[in-house]
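Notes follow the structure.
Please treat every number below as a calculation from the coordinates, not as lab data. Given the structure is predicted, the values throughout are model-derived calculations rather than measurements. Positions of Cβ are backbone-derived with ideal geometry, glycine not excepted, and every protein chain shown enters the neighbour counts.
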Amino acid sequence: MVACQPKGSFLYQYPKADQHKFNEVMVVIDYLNLKDDVGKYWDFDSYYHQKVLNQMLRQLDTELQSVGYPKANAYLLSSGLLIKHPFAVEHYIEDQPQDELLYPPFILAQNNIIESQIPQHQEILSILVKYIAQRRHHQTDELSHRGMQMGYQLAAMDLSDDTAILYVHIDLSAPGIIKQLSSFLISGAIASQADYGHVHLDATTKRHASAILIHKGSGQILWKNFTQQWTPEQPIQQLLNGLPKH
């Protein structure tokens, strides 16, 4: 007896991506790598998280420019942006324990992003992670394109219509932590599931990374990739597999 194999790909490519032109690029990254602890709280090292976030921003910007995109002129770097509950962690700096507990977001830094719009990015990234990232796609199936559009969520955001937004979410935390955080993510009420078609609410306990490129003016998702193998130690090109050239 042959076991049923999952069909389709976590990689998505909009067939008319070249019709969407960009003059500006924004990068939003949420990276989390909580560690197990024998105490009451999970451990968060702000030094190593900030180091990875800075490295990711540099590598993403370099790779985007190498395939024709403008230099990123705005960014939002975070750790724990999607955690909307009072989830305390023990704070470390270069493996040295600190006195205070941290609450999400544990790191939040922005450049050329209006602070009042951060909750909008939080909502959009939450929708992408919950409903879009882990969907499988069949290149020849028209249903694969259902729900791959974020129009009204982006419409109210004060950005130029010719902006490309690259959302990246990476969670390399211990499996038990990911399971706990996933229950937080899927507990919130968001817009009707029908808006997104083929809803996927798998609260995975595995480490994972996803990247999603959106055209602001149309809200069209032009490309996405989801993987449970990639880590920041690997070439960034592997996460950006199939990203459309500009």
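My understanding is that a pair violates if its Cα-Cα distance is over 22 Å; which of Lys16/Lys206; Lys16/Lys224; Lys21/Lys224; Lys16/Lys245; Lys7/Lys35 do that in this structure?
Distance filter (> 22 Å) returns Lys16/Lys206; Lys7/Lys35.
In percent, what relative contact order does region 48-188 have, based on Cα pairs under 8 Å that are 6 or more apart in sequence?
Once normalised by length, the contact order is 21 percent.
Within a Cβ distance under 13 Å of Arg58, other residues only, what is the Lys/Arg minus Asp/Glu net charge?
Charge balance near Arg58 sits at 0.
Taking Lys40 as the anchor, which lysines have their alpha carbon closer than 19 Å to its alpha carbon, excluding any fewer than eight residues away along the same chain?
Within the straight-line limit of under 19 Å, Lys40 reaches these lysines: Lys179.
Expressed in nm to one decimal, what extension gain is obtained for the pair Gln59 and His85 from 0.36 nm per residue of sequence separation less their Cα-Cα distance?
Value of the extension gain: 6.3 nm.
How high is the relative contact order of region 78-144, in percent, counting Cα pairs under 8 Å that sit 6 or more residues apart?
Here the relative contact order equals 29 percent.
Can you tell me the FRET efficiency between Leu143 and Gln19 if r is taken as the Cβ-Cβ distance and R0 is 22 Å, rounded to the nearest 0.05?
0.55
Can you list residues whose amide H is under 5 Å from Trp42's amide H, if they're 5+ apart or on another chain and H is modeled 1.01 Å from N?
For Trp42, the qualifying residues are Glu90.
On full extension of the chain, what length is gained from Ser116 through Lys7, given 0.36 nm per residue of separation minus the C-alpha to C-alpha distance?
Extra length from Ser116 to Lys7 when fully extended: 35.2 nm.
Give me the aspartates and glutamates in straight-line cross-link reach of Lys84: C-alpha distance below 15 Å, same-chain residues under 8 apart excluded.
By straight Cα distance, Lys84 reaches Asp30, Glu123.
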